[in-house]
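K.L.:
Just passing along the structure, written as structure tokens.
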Amino acid sequence: MLFQSIYLISSAIALMYLARFDHYGLYILISLFWITAAFYKPFTSLAIWTIIIFMSGFALMRIINMATNGMPSSYHLIILLGEIIITLIGIYLVKSL
């Protein structure tokens, strides 16, 4: 349970970093849900599923962007790698619930 809580909180921080607080609070609201789920166990499974969907969607958008616009900077490749890793960890955690 501790690892799931750390996963939820770190994913929320990563989302806030990626969103850079400029999406009218939607991403901040999602991040707050993830943080809440870290402490309120009935929401934990749902929150992990939303992270899987959310981060895999971000990764897919970056891959499509790479296919259409060519290779991005190393910064964007590192962000893509992070999104893929977060998604895979989430899949592992869902299977372990």
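K.L.:
For Trp34, Trp49, what's the fewest-to-most ordering of other Cβ within 10 Å of each Cβ?
P.N.:
Trp49, Trp34
K.L.:
Restricting to Cα pairs below 8 Å that are 6+ residues apart, what does the relative contact order work out to for the chain? Please round to a whole percent.
P.N.:
That works out to 28 percent.
K.L.:
Oh, and also: Please pull out the direction-averaged projected area of segment 34-97, using the convex hull of its alpha-carbon atoms, in nm² to one decimal place. Walk me through the numbers before you get to the answer.
P.N.:
Numbers: hull surface 18.2 nm².
Hull-based average projected area comes out at 4.5 nm².
K.L.:
Given R₀ = 30 Å, FRET efficiency for Leu97-Ser74 by Cβ-Cβ distance, to 0.05?
P.N.:
Efficiency, from the Cβ-Cβ distance: 0.30.
K.L.:
Summing -39500 (n - 2.57) over the DSSP H runs of n ≥ 4 in the chain and dividing by its residue number, what mean residue ellipticity at 222 nm do you reach, to the nearest 500 deg cm²/dmol?
P.N.:
Details: 4 runs with 81 residues, N = 97.
After summing the helix terms and dividing by the residues of the chain, the value is -29000 deg cm²/dmol.
K.L.:
Same structure, new question: 7 Å from Cα along Cα→Cβ at both Ile13 and Leu60: what's the point-to-point distance in nm?
P.N.:
For Ile13 paired with Leu60, the spin-label model returns 2.8 nm.
K.L.:
Per 5 Å bin, what percent of the C-alpha pairs of segment 1-80 does each bin hold, from zero upward?
P.N.:
3, 15, 22, 21, 17, 12, 6, 3, 1
K.L.:
Suppose R0 equals 25 Å; then what is the FRET efficiency for Phe3 and Phe43 from their Cβ-Cβ distance, rounded to the nearest 0.05?
P.N.:
About 0.95, to the nearest 0.05.
Bear in mind these aren't lab numbers, they're just calculated from the coordinates by the rules spelled out. Quick caveat: nothing in here was measured; it's all calculated off a predicted structure. Backbone-built Cβ (ideal geometry, glycine too); neighbour counts: all protein chains shown.
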